[in-house]
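Enquirer: One structure coming up, written as structure tokens, with questions to follow.
The values are calculated or read from the model by the stated rules, or taken from the named source; none is laboratory data. Only a predicted model underlies this, so the values are computations on that prediction, with no experimental measurement involved. Neighbour counts are summed over all protein chains in view; Cβ atoms, including those assigned to glycine, are modelled from backbone coordinates with ideal geometry.
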Amino acid sequence: MVHQGRADMTDPFAEIRAAVLDALAQMQAAGDLPAGLDMDAVTVEPPKDAGHGEMVTNAAMVLARPADLTPRDIAKALVAQLGGDGRIGSAAVAGPGFVNLVMKRAFWQGLLPAILSQGPRYGAANLGQGAKVNVEFVGAYPVAPLQLAHLRGAVTGDCIARLLERTGHDVTREYYVNDGGAQADVLARSVYQAYLVAHGRDAPDPMVAASMADMGAALKDQAGAEWLDRPEGDWLPLVRRFAVDRMMERIRADLASLGIHMDVFTHESALRKAGAIEAALKLLDSKGLIYRGTVEAQKASGQAGNGQAHAERLLFRSTAHGDEIDRPVAGADGQWTYFAPDIAYHHDKLTRGFDALVDVFGTDHAGYVKRLGAVVSALSDGRVPLQVKLCQMIRPMRDGVPFRDRIDLRDAVTEAGAGVTRVHMLSRKNDGPLDFDLTAARAQRMENPAFAIQYAVSRANALLRRAAEAGLDEGTPDPSLLTAPEEIALIRALGDWPRQIATAVALKEPHRLVFDLVDLARRFHAHWDAATANPALAFVQQGDTPATVAKIALVRAVSVVILSGLDMIGVDPVDEMH
């Protein structure tokens with residue numbers, strides 16, 4: 001009987017990486033490797049090809065050049081050093097210098113009690129240690145309800161926030177309300193036209209008025225006839241505030257349909273009114289980063305130009321912090337550019353004491369990545385990192401046929417279901433193309449990632465209920481009774497969960513969790529189906545209670561990881577599939 005799990009076995013790949021680093025340190029002590037080598041790039045991961053063992057380390061490959069040795073020479077010495085590790089069954093040099101590892105069966109068996117003892121905490125180590133992180137996402141202009149185009153960024157941003165929360169970060173979800181520019185004035189004028197119609201007056205553009213009929217009626221209920229026959233200068237500021245507030249109520253409801261609730265809404269108009277732009281630029285100026293110049297002067301010095309006029313304007317010296325050209329913060333007429341309030345907003349976030357910032361944008365904002373990175377670097381003196389995640393547009397479909405009809409976010413979520421929508425938004429990397437078939441998303445087939453995951457939950461729950469009724473969930477399971485290659489492979493898949501979480505946190509890529517959940521679910525289904533042809537794989541072994549208890553424990557571990565993953569991406573589990 002193997003030991004009942006090691007207390008430190010929270011991440012088997014991290015555990016063996018620590019063993020590799022220890023072996024390398026012993027090689028240094030013996031003079032086989034020079035001292036002072038940077039080990040940060042040393043990894044231990046699953047091999048891309050399952051025929052190359054269970055783990056592979058790149059240690060020899062990344063250390064060869066700084067050590068002035070060949071990769072294979074380092075790899076051979078490393079294999080010899082690892083030979084005495086009781087957890088490793090075999091180690092072999094592969095290719096130009098990789099080291100492939102096969103673990104002893106007891107190593108994987110020992111993981112099962114660790115998963116069960118930690119439960120939902122398995123893999124969710126305190127990576128953040130309380131670090132304060134601001135996650136800004138959606139940020140659509142408050143001129144209409146959220147559209148399908150906003151769906152991917154909303155899910156990605158919220159899932160980044162959930163992932164960070166579950167791993168020990170102090171997270172603030174934030175929505176930046178772009179209400180300081182001309183679009184808010186356009187909204188206010190449209191609502192005013194609807195207000196006129198609500199009073200029986202004619203509107204300059206009846207179609208525009210009709211599109212805002214409900215808001216016009218609401219304004220009439222609130223203000224009566226107060227703003228009739230008044231000059232625009234009198235009513236525009238108040239109607240703009242009314243219209244933006246009403247639209248933000250809709251947007252909050254749109255987000256709530258996905259289970260998303262923002263912690264903070266920051267209004268551009270409030271920043272402008274408070275003099276935040278001037279304050280941020282004054283700080284940059286004190287650092288020598290604001291000057292008067294022309295874009296043409298930058299072109300003459302070999303930097304990229306944007307074809308703007310030759311007149312001097314106020315520029316931010318963003319090239320001092322990694323940007324390609326210095327960016328205008330005011331036009332030749334002295335009016336602030338769109339970039340200026342963005343500077344003020346990120347300065348405002350920094351003054352609130354965040355340790356890291358994450359911005360989730362559409363790919364149409366790709367040109368802002370470097371300039372915002374330069375701004376945050378300049379304002380924080382390089383202390384606060386900014387990660388920008390870009391989300392490509394969604395191509396909506398029904399029954400495999402793309403459609404171009406406008407569809408509100410809330411309508412799409414209602415049609416497909418909130419949980420299904422979340423899974424599908426994370427079924428591809430955020431900056432890659434994504435087809436969202438509202439019909440196929442609900443299909444009950446294994447090709448559907450949402451169904452594959454939820455069906456695994458349903459199957460596991462049904463089996464666990466039957467086991468509880470039969471008293472088979474009691475007692476301490478003996479993982480050494482799990483000897484079939486299929487069972488060990490399933491445990492290995494569970495063992496990769498902590499590594500996936502750590503990678504997703506570092507890269508702010510929650511889609512990695514869905515990829516891993518789908519893989520685990522499909523492995524579980526394959527194991528379940530294989531029992532039809534091979535009764536020894538069945539989770540219930542008639543007449544053999546110890547084996548059944550061990551196999552039920554394996555099912556429980558699968559359930560623990562899948563339920564934990566669903567929680568991290570904000571999806572409610574489905575107990576039974578109909």
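So that you can scan it fast, the table gives a plain yes or no per residue for (1) under 23 Å from the mean Cα position of the chain (by Cα); (2) not assigned by TED's automatic domain parsing to the domain that holds V555:
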| site | (1), (2) |
| --- | --- |
| A412 | yes, yes |
| L426 | yes, yes |
| I453 | yes, no |
| S458 | no, no |
| L464 | no, no |
| D478 | no, no |
| L481 | no, no |
| R492 | no, no |
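Enquirer: Here is a follow-up. For A50, which of the numbered conditions (1) within 30 Å of H169 (Cα to Cα); (2) at pLDDT below 95; (3) of a type in the set (G, A, S) fails to hold?
Expert: Exception for A50: condition (1).
Enquirer: Let me ask something else. I'm trying to understand the selection: among the residues of region 176-209, which are farther than 22 Å from L238 by Cα and in contact (Cβ under 8 Å) with a residue 40 or more places away in the chain?
Expert: none
Enquirer: Tell me, which strands (runs of 3 or more DSSP E) wholly within region 346-456 include 1 or more residues that are without any contact (Cβ under 8 Å) to a residue 40 or more places away in the chain?
Expert: By residue number, 386-391.
Enquirer: Restricting attention to region 541-551, and to residues there that are aliphatic (A, V, I, L, M) and within 38 Å of the chain's Cα centre (by Cα), which single residue is surrounded by the fewest Cβ atoms within 10 Å (Cβ to Cβ)?
Expert: So the residue we want is V549.
Enquirer: Which residue is surrounded by the fewest Cβ atoms within 10 Å (Cβ to Cβ), if the candidates are limited to region 562-578 and must be small (G, A, S) and in a helix (DSSP H, G or I)?
Expert: The qualifying residue surrounded by the fewest Cβ atoms within 10 Å (Cβ to Cβ) is S564.
Enquirer: Count, please, the residues in region 107-160 that happen to be on the phi > 0 side of the Ramachandran plot and either surrounded by fewer than 17 Cβ atoms within 10 Å (Cβ to Cβ) or free of Cβ contacts under 8 Å to residues at least 24 places away in the same chain (or both).
Expert: 3
Enquirer: Listed residues A270, A276; which is out of contact with any Leu (no Cβ under 9 Å at 6 or more places or on another chain) and without any contact (Cβ under 8 Å) to a residue 12 or more places away in the chain?
Expert: A270 is the lone residue from the list that is out of contact with any Leu (no Cβ under 9 Å at 6 or more places or on another chain) and without any contact (Cβ under 8 Å) to a residue 12 or more places away in the chain.
Enquirer: Restricting attention to region 357-378, report how many residues are of a type outside the set (D, E, K, R), crowded, with 19+ Cβ neighbours inside 10 Å and within 13 Å of D323 (Cα to Cα).
Expert: So the answer is 7.
Enquirer: Quick one: how many residues across region 142-171 are more than 23 Å from V376 (Cα to Cα) and among the hydroxyl-bearing types (S, T, Y)?
Expert: Within region 142-171, residues that are more than 23 Å from V376 (Cα to Cα) and among the hydroxyl-bearing types (S, T, Y) number 1.
Enquirer: Looking only at region 338-356, how many residues end up being β-branched (V, I, T) and closer than 14 Å to L281 by Cβ?
Expert: Total meeting the criteria: 1.
Enquirer: Filter region 475-525 down to the residues that are among the small types (G, A, S) and more than 22 Å from A14 (Cα to Cα) and list them by number.
Expert: G475, S480, A484, A521 - these are the residues of region 475-525 that are among the small types (G, A, S) and more than 22 Å from A14 (Cα to Cα).
Enquirer: Only one of these is assigned to a helix (DSSP H, G or I) and surrounded by fewer than 21 Cβ atoms within 10 Å (Cβ to Cβ): L554, L494, L463, L517. Name it.
Expert: L463
Enquirer: While we're on this one: Farther than 21 Å from Y192 by Cβ, within 25 Å of the chain's Cα centre (by Cα) and crowded, with 18+ Cβ neighbours inside 10 Å: is that true of I260 in this structure?
Expert: So I260 fits the description; yes.
Enquirer: So in region 319-343, with the set limited to residues that are of a type in the set (G, A, S) and in contact with a Gly (Cβ under 9 Å, 6 or more places away or on another chain), which one is nearest to N430 (Cα to Cα)?
Expert: G322
Enquirer: Restricting to region 537-551, give me the number of residues that are in a helix (DSSP H, G or I) and in contact with a helix residue (DSSP H, G or I) (Cβ under 9 Å, 6 or more places away or on another chain).
Expert: Final tally of qualifying residues: 7.
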